[in-house]
Amino acid sequence: MAKKTTGMTRRGLLKKGAAAAAAGAAGLLTASAQDPAIVPRRKFRAWISQGDGAGRTKLREVALRPISGRQVLVRTEATNLCYSNVGAVLGIQPNAGAPAPASALAPPPGTRRMNDMAVIQGHGGIGIVEAVGPEVRRVSVGDRVCVSGTPQCGSCYHCLRGRSDMCQFLSAIGADDLVAIADMSDGTPVYENSHIGGLAELMVTNEEWVVPIFTKAATVELAMVCSCVSVAGLGATASQGLAAIPTASSVAVVGCGPLGLSAVQGARIAGASKIIAIDPIRSRREVASRVGATDVLDPNVEGQNLVARVRELTSWPGDRLWSGGRNPGGRRPGAGADFVVEAAGAEQVRPKLEAGPDPTGILPMQQAYQMCALGGHLITTSLVRGNITLPGNLFSIGGVTHHAGQAGGASPMRDIPRFVRMLESGQFDSKALATTVVSLDGMIEAYEQVAYRTTVTAIMTA
Ligand SMILES: [Zn+2]
Ligand SMILES: [Zn+2]
């Protein structure tokens, strides 16, 4: 029987532990053992939004504040230019006729208005840890990390029951929750979108948002697979966080932006036998075919027949009575998809390529529900403007299970390292999605391409 596995005695280990605990206690008050020297008032460049309207986001040099507590300083390698930030970055109003998003409504009295604050936009990216606050445990200086779009504290009710996409920290990103991390030359305090930013040479965040990823993967490809959109698309299909897609299932993906195209890939990785990709933009349908879709549909061409077309495509010769058929007793043609991932969402601006049939995103959401097989699963991921109406009896007894969540239900610490392995193994194709790559200086022009959908998505390297 092996009594000792190291060269140290039990008493020696205890002594060492006591010494480490003492150092840790001192670290809470002063500096931790892994806290390197931080250049005081270190200067860095950041895209900062302030005020209203076009031109609200400018590249500025700012001075870093000291970090503390659970804060982590990350040197940005790259970040994705997410469509959901188009309005905030470019100062573009949503399409006329659509109700204003909640973020544009007046805040409750006594709270500050996000638009009046100087805010580094973006929500996440990849980079290298340069410094950690004395309470940080999850990462060390030098680690390559993903700064995740969603946090995972690991100890709240949601994290503990396996729904870290709903982590308690997620709701602490309002204007009054943000903490200044830098100052402009005139003394204006600088904050970050969602405590993370990304459109800057540095990110300061709390360890709840940081995932160590231990990889040497190429920067742009890594930034793509670690982006909020790819994590959500893979989360919906390959994380099993919300719904587990069994091998040989049929899957429909409604909307083929970077999130939907990641879901197409996740469905392929999960072993789906039929993957129907739906998008009005021809070039996006072509990408979908390249990354795993078996069929593509244009909602503008299909019109009212879109749902019926999906049912038709998910039929098979065995769809008859007594033979394992899936359609309802032969009375309704077609089966419907076992799993549908909805990834369309509301337009923030009218696209310069083919526009979809409904700028509010509501019609694609309703169709996504109705194209599910009886007993199928719908996973929704997008933001729409307005309320959804569904046939009551289908909703009530049609057997469709609706899965809703942040980031496709992905659990950052569990799933992001797995998604990185999918890139490294060649299962996930980042290059097909990162169709625009720019440096920090080219950010605005690249964001316009994202806004007008003339590119699939853009990666900014810092
Ligand atoms: Zn995003
Ligand atoms: Zn949590």
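The values are calculated or read from the model by the stated rules, or taken from the named source; none is laboratory data. Worth saying up front: this structure is predicted, and the values here are computed from it rather than measured. FYI the Cβ positions are ideal-geometry reconstructions off the backbone, even for glycines, and counts take in every protein chain you see. With ligands, DNA and RNA removed, areas are computed over all heavy atoms of the protein, side chains included. Shrake-Rupley method; radii C 1.70, N 1.55, O 1.52, S 1.80 Å.
Before moving on, here are some points about what is shown:
- Some residue of the stretch 141-155 being β-branched (Val, Ile, Thr) and within 16 Å of ligand 2 (Cβ to nearest atom): yes
- Per-region count, the stretch 104-116, residues at pLDDT below 65 and part of a loop (DSSP other than H, G, I, E, B): 5
- For HIS195: the one exception among (1) within 18 Å of ARG144 (Cβ to Cβ); (2) open to solvent by 10 Å² or more (accessible area, probe 1.4 Å); (3) of a type outside the set (Lys, Arg): (1)
- Test result for SER164, surrounded by fewer than 17 Cβ atoms within 10 Å (Cβ to Cβ) and within 16 Å of ligand 2 (Cβ to nearest atom): no
- Residue-level check: of (1) touching a helix residue (DSSP H, G or I) at 6+ places or on another chain (Cβ under 7 Å); (2) away from ligand 2 (no atom under 16 Å from the Cβ); (3) open to solvent by 10 Å² or more (accessible area, probe 1.4 Å), ALA244 misses just (1).
- Unique residue being in contact with a helix residue (DSSP H, G or I) (Cβ under 6 Å, 6 or more places away or on another chain) and either open to solvent by 30 Å² or more (accessible area, probe 1.4 Å) or in contact (Cβ under 8 Å) with a residue 12 or more places away in the chain (or both) when the list is SER439, SER425, SER411: SER411
- In the set (1) at pLDDT 95 or above; (2) open to solvent by less than 20 Å² (accessible area, probe 1.4 Å), the condition left unmet by PRO417 is number (2).
- Subset of the stretch 290-306 that is crowded, with 21+ Cβ neighbours inside 10 Å and touching a Pro at 6+ places or on another chain (Cβ under 7 Å) - its residue that is nearest to LEU433 (Cα to Cα): PRO299
- In the stretch 178-207, the residues that are assigned to a helix (DSSP H, G or I) and within 16 Å of ligand 2 (Cβ to nearest atom): SER194, HIS195, GLU207
- Against the conditions (1) closer than 23 Å to ILE48 by Cβ; (2) away from ligand 1 (no atom under 16 Å from the Cβ); (3) crowded, with 16+ Cβ neighbours inside 10 Å, VAL179 satisfies every one except (3).
- Test result for GLN265, within 22 Å of HIS158 (Cβ to Cβ) and either more than 16 Å from ligand 1 (Cβ to nearest atom) or among the small types (Gly, Ala, Ser) (or both): no
- Cβ pairs under 7 Å, 6+ apart, first in the stretch 268-295 and on the phi > 0 side of the Ramachandran plot, second outside any strand (DSSP E or B): GLY271/THR247; GLY271/ALA248; GLY292/VAL264; GLY292/GLN265; GLY292/ALA267; GLY292/ARG268
- Residues in the stretch 379-394 include none that are closer than 30 Å to VAL139 by Cα, crowded, with 20+ Cβ neighbours inside 10 Å, touching a residue at least 12 places away in the same chain (Cβ under 8 Å) and aliphatic (A, V, I, L, M).
- In the stretch 113-140, the residues that are under 18 Å from VAL420 (Cα atoms) and open to solvent by less than 10 Å² (accessible area, probe 1.4 Å) form Cβ pairs under 6 Å with partners that are of a type in the set (Lys, Arg) and not in a helix (DSSP H, G or I), at six or more places apart or across chains, as follows: GLY127/ARG75.
- Whenever a residue of the stretch 202-229 is hydroxyl-bearing (Ser, Thr, Tyr), its partners that are away from ligand 1 (no atom under 16 Å from the Cβ), lying with C-beta atoms within less than 6 angstrom and at least six residues away or across chains, give the pairs THR205/VAL72; THR215/VAL420; THR219/GLU77.
Conditions (1) surrounded by 24 or more Cβ atoms within 10 Å (Cβ to Cβ); (2) away from ligand 1 (no atom under 16 Å from the Cβ); (3) within 23 Å of GLY142 (Cβ to Cβ), marked per residue:
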residue	(1), (2), (3)
CYS159	no, yes, no
MET203	yes, no, yes
ALA218	no, yes, yes
THR237	yes, yes, no
PRO258	yes, no, no
